[in-house]
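Only one structure is covered here, and it is reproduced in the block below.
The values are calculated or read from the model by the stated rules, or taken from the named source; none is laboratory data. Quick caveat, the model's predicted, so the values are computed rather than measured. Methodologically, a virtual Cβ is constructed for each residue, glycine included, from the backbone with ideal geometry; neighbour enumeration extends over all protein chains shown.
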């Protein structure tokens, strides 16, 4: 009976798949994007072969793929060096303890050159820190501004003045403030990381703040009236009425903030010399070797792919917490 149930169940499970195949949906979902990518690669290869720079010919897809493999090999070699370093350190400490059980053991960190993968991780941590700092301020402040017309009128001039300021203008000020207030010699967080993260936060702040204000002010009046009839306290009103109703607009702001922060990060890392993707691009530009253009192009594609994945991550999170299922179409 179990086998019969399985056999009868399979056609029903395959019906949606067969329906999509018949409707041609798989063409739109798979073939069209592949055609777009192939067309881009062909145009790129055609154009690259006709551009000659001071560092040589502009890299095409083949040259960029060679640099991807080269960067991967460098990462493997650096990891092997790190393992060898820690192995030697453990052997030295073991021999010291064998000779003198009371000997003071020193634990050193491997100080080799960060690889491309390490710099990707640094950039992701930096943008995450800036993004969290910005939204810990933007969402509560946006809710307050949306609920109080007086607070909004008071803060709106400040928002409109600072919203269009470039990160390149913020970075020197941030650097001086951090240098003046964060002077510990044994700091757990590097100053360059703080400079980049705070600069990202200052630029991530505004999209979430503005969209949160819009989301809160556009709450359905029927919901507000229900809250008044039920005599909900201010905190319960915010938790039960305001935040659920404003979630779609809040997430729109979060997605815009994350995209803005990721773009700002590269320029901030270049100037702050934070060891992330921005510094990688700047170092390769300064290096001026024959492989520099290919490596910069690898970084450009990596930045774009990570930005795309971050946006998809936010969209997936929005699907889980938002009642607005049409948010997927935005």
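Of note:
- Residue identified as assigned to a helix (DSSP H, G or I) and at pLDDT below 90 among 154, 138, 94: 94
- Between 128, 138, the distinction of being under 25 Å from the mean Cα position of the chain (by Cα), surrounded by 14 or more Cβ atoms within 10 Å (Cβ to Cβ) and within 20 Å of residue 269 (Cα to Cα) belongs to 128 only.
- Condition met for residue 143 (outside any helix (DSSP H, G or I), assigned by TED's automatic domain parsing to the domain that holds residue 217 and touching a helix residue (DSSP H, G or I) at 6+ places or on another chain (Cβ under 9 Å)): no
- Some residue of segment 98-117 being in a helix (DSSP H, G or I), within 24 Å of residue 276 (Cα to Cα) and either within 31 Å of the chain's Cα centre (by Cα) or not assigned by TED's automatic domain parsing to the domain that holds residue 251 (or both): yes
- Exclusive hit being surrounded by 15 or more Cβ atoms within 10 Å (Cβ to Cβ), at pLDDT below 95, more than 29 Å from the chain's Cα centre (by Cα) and closer than 29 Å to residue 268 by Cβ, set 71, 147, 55: 55
- Qualifying residue in segment 219-228 (condition: surrounded by 16 or more Cβ atoms within 10 Å (Cβ to Cβ) and not in a helix (DSSP H, G or I)): yes
- Selection count, segment 288-319, where residues are in a helix (DSSP H, G or I) and farther than 17 Å from residue 249 by Cβ: 22
- Test: residue in segment 270-286 that is more than 30 Å from residue 175 (Cα to Cα) and either in contact (Cβ under 8 Å) with a residue 40 or more places away in the chain or outside the structural domain of residue 165 (by TED's automatic domain parsing) (or both): no
- Screening residue 101 with (1) in contact with a helix residue (DSSP H, G or I) (Cβ under 6 Å, 6 or more places away or on another chain); (2) more than 27 Å from residue 240 (Cβ to Cβ) gives one miss only, at (1).
- Qualifying residues in segment 173-188 (those that are loosely packed, with under 12 Cβ neighbours inside 10 Å and within 26 Å of the chain's Cα centre (by Cα)) - the one modelled with the lowest pLDDT: 187
- Tally, over segment 224-238, of residues that are over 11 Å from residue 147 (Cβ atoms) and either in contact (Cβ under 8 Å) with a residue 12 or more places away in the chain or out of contact with any helix residue (DSSP H, G or I) (no Cβ under 7 Å at 6 or more places or on another chain) (or both): 10
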